[in-house]
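Asker: My questions will all concern the structure given below.
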Amino acid sequence: MVNNPEKVNSLLYAGPSVPLKYRNAIFAKIKRGLRRGNSYYKLIDQETFNRAYDAVIEMWLSRPAVLIRFVVVPEPSLEDVIIGFSIFEGATLHFVWVDPNLRREGLGRALVPAGITAVSHLTTTGLGFWNAVIPGAIFNPFIS
């Protein structure tokens with residue numbers, strides 16, 4: 001999965017308790033991933049997209065039942081390097097992000113908890129992941 005797996009930390013937070021240093025990365029990586037990874041999102045003007053997705057992500061992070069699992073490489077003199085994260089709530093997977101240089105190595109699969117029955121957001125890459133990792137789950141973008 002990673003060259004030195006013993007130097008990787010797995011962290012789990014409830015939405016409201018995610019540290020600020022990770023919150024900012026969540027916003028940036030989800031919005032960038034959706035805009036670049038789904039041609040329909042590119043049709044939305046940038047200001048409308050940012051306003052809408054800031055609200056969606058803020059909603060997720062405000063709910064104690066939403067869990068965010070991070071995989072990070074600790075950097076003592078810098079910020080931790082996030083190499084992947086997933087956002088889920090009960091049996092719903094809202095989002096998975098993995099560093100593009102580390103995809104197809106099992107990290108995304110490791111970030112998805114057992115028992116997922118629904119997916120609320122998809123990108124082109126996510127579509128293939130969904131079909132391979134959780135093929136029985138339904139896609140429902142209105143679950144958020």
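The values are calculated or read from the model by the stated rules, or taken from the named source; none is laboratory data. Computed from a predicted model, the values in this text were never measured in an experiment. Using ideal geometry, Cβ is built from the backbone for each residue, glycine included, and neighbour counts are taken over all protein chains shown.
Asker: Considering L122, L67, which residue is in contact with a helix residue (DSSP H, G or I) (Cβ under 9 Å, 6 or more places away or on another chain), within 25 Å of S39 (Cβ to Cβ) and in contact (Cβ under 8 Å) with a residue 40 or more places away in the chain?
Answerer: Every option except L122 fails the conditions.
Asker: Look at segment 10-27 and say how many of its residues are closer than 16 Å to W97 by Cα and either exposed (fewer than 13 other Cβ atoms within 10 Å of the Cβ) or modelled with pLDDT under 90 (or both).
Answerer: 3
Asker: A further question follows. Of (1) in contact with a Ser or Thr (Cβ under 7 Å, 6 or more places away or on another chain); (2) modelled with pLDDT of 90 or more; (3) farther than 22 Å from Y22 by Cβ, N38 satisfies all except one. Which?
Answerer: (2)
Asker: Identify all residues within segment 40-74 that are of a type in the set (S, T, N, Q) and surrounded by 18 or more Cβ atoms within 10 Å (Cβ to Cβ); write none if there are none.
Answerer: Passing the criteria: none in range.
Asker: For R69, indicate whether it is under 23 Å from A137 (Cα atoms), among the basic types (K, R) and not in a loop (DSSP other than H, G, I, E, B).
Answerer: Taking the combined requirement at face value, the residue satisfies it.
Asker: Just the residues that are assigned to a loop (DSSP other than H, G, I, E, B), surrounded by fewer than 15 Cβ atoms within 10 Å (Cβ to Cβ) and modelled with pLDDT under 95, please, taken from segment 75-104.
Answerer: Passing the criteria: E75, P76, S77, L78, E79, R103, R104.
Asker: Here's a follow-up. Within the group R23, R32, which residue is part of a helix (DSSP H, G or I), of a type outside the set (S, T, Y) and in contact (Cβ under 8 Å) with a residue 24 or more places away in the chain?
Answerer: Testing whether each residue is part of a helix (DSSP H, G or I), of a type outside the set (S, T, Y) and in contact (Cβ under 8 Å) with a residue 24 or more places away in the chain leaves just R23.
Asker: I need every pair where a residue in segment 74-99 that is without any contact (Cβ under 8 Å) to a residue 12 or more places away in the chain has its Cβ under 8 Å from the Cβ of a residue that is part of a loop (DSSP other than H, G, I, E, B), sequence separation at least 6 or different chains.
Answerer: If the second residue must be part of a loop (DSSP other than H, G, I, E, B), the pairs left are V81/E75.
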